[in-house]
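The values are calculated or read from the model by the stated rules, or taken from the named source; none is laboratory data. The structure displayed is predicted, hence computed values, not measured ones. Here the Cβ positions follow ideal geometry from the backbone for every residue, glycine too, while neighbour counts run over all protein chains shown.
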Amino acid sequence: MGTTKDTNKDVIAAFVGLAAYCFIANSFYSTYDGIKNAKNSINRDNQVRAKYWEDTAAVKKKLLAEENKPTKPEEEVKTFGMKLADADTVSIASSLCKSHTEYRFDKCMRIWFNIHKNFSLLDIKKNETSVAKILKVHDTDSELGKRVCITGILMSIKEDSNGAAKGTFITTDDGSSTVEITSLGSTEGVENGKNHLRFCGFITGMSGEGMFARTEMLGMFDIPENKKL
């Protein structure tokens, strides 16, 4: 049988061994966690780098595509104003103004005709529509921009703030119909109540209802001064 002194030595040795084991185990797990965290950090860094290069490559690809993009023909990049200014017929201008939403049709056509003020654009041998037809169907949408020359009596005329002359005209060639006219040309010699006047222009709209319905036109009086334009 051992002595008490020997027993104490064994307990101390066991305790020291257990402490050493715990220390070694803790060091192992700490090292393992450190390696694991370092690995995760490296993976995150790699993902960030990969995303960076992926985004960079996408940007470069987009820029390259823009550089190599075919240049649009000059006709496609023209502004609406340029296209309207280039329109050399009432029909072309009318189509442009019908498709534009910024300006009302009558205002758009007035801008165009101020650029291309020429009586020959309006003077036609055969009307493209008639005031009587417009009043009958009471719908100008399909008749907008169509050219008409009317004959009748000028009831009133007055210059507006923009230099145009606005007046009321009573036709006599297809029945007695009232037409509101806007003249952008000369009105020399044109007087209220004067009969057998000829006015050529295009349909810009309609105003009023029922027996008060009136067709609206923009154009010029058929007088020598306007034929010089």
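Descriptive notes on the structure:
- Residue list for region 151-167, restricted to those being in a strand (DSSP E or B) and under 18 Å from residue 110 (Cβ atoms): 157, 158, 159, 165, 166, 167
- Single condition residue 123 does not satisfy, out of (1) assigned to a helix (DSSP H, G or I); (2) modelled with pLDDT of 90 or more: (1)
- Lone qualifier among 146, 78 - being outside the structural domain of residue 179 (by TED's automatic domain parsing) and basic (Lys, Arg): 78
- Any hit, region 55-69, residues being assigned to a loop (DSSP other than H, G, I, E, B), of a type outside the set (Ser, Thr, Tyr), farther than 24 Å from residue 222 by Cα and modelled with pLDDT under 65: yes
- Unmet requirement for residue 215, which otherwise passes all of (1) touching a Ser or Thr at 6+ places or on another chain (Cβ under 8 Å); (2) modelled with pLDDT of 90 or more; (3) in a loop (DSSP other than H, G, I, E, B); (4) not hydrophobic (A, V, I, L, M, F, W, C): (3)
- Given (1) surrounded by 13 or more Cβ atoms within 10 Å (Cβ to Cβ); (2) touching a Ser or Thr at 6+ places or on another chain (Cβ under 7 Å), index of the condition residue 118 fails: (2)
- The single condition among (1) assigned to a loop (DSSP other than H, G, I, E, B); (2) β-branched (Val, Ile, Thr); (3) surrounded by 20 or more Cβ atoms within 10 Å (Cβ to Cβ); (4) more than 30 Å from the chain's Cα centre (by Cα) that residue 148 does not satisfy is (1).
- Which numbered condition residue 111 fails, given (1) at pLDDT 95 or above; (2) touching a Gly at 6+ places or on another chain (Cβ under 9 Å); (3) among the β-branched types (Val, Ile, Thr): (1)
- Any hit, region 131-140, residues being crowded, with 16+ Cβ neighbours inside 10 Å and part of a loop (DSSP other than H, G, I, E, B): yes
- Test: residue in region 82-94 that is farther than 21 Å from residue 163 by Cα, in a loop (DSSP other than H, G, I, E, B), out of contact with any Ser or Thr (no Cβ under 8 Å at 6 or more places or on another chain) and at pLDDT below 90: no
- When residues of region 174-208 are limited to those that are surrounded by fewer than 18 Cβ atoms within 10 Å (Cβ to Cβ) and within 33 Å of the chain's Cα centre (by Cα), the one modelled with the highest pLDDT: 207
- Number of residues in region 168-210 that are part of a strand (DSSP E or B) and of a type outside the set (Asp, Glu): the value is 20.
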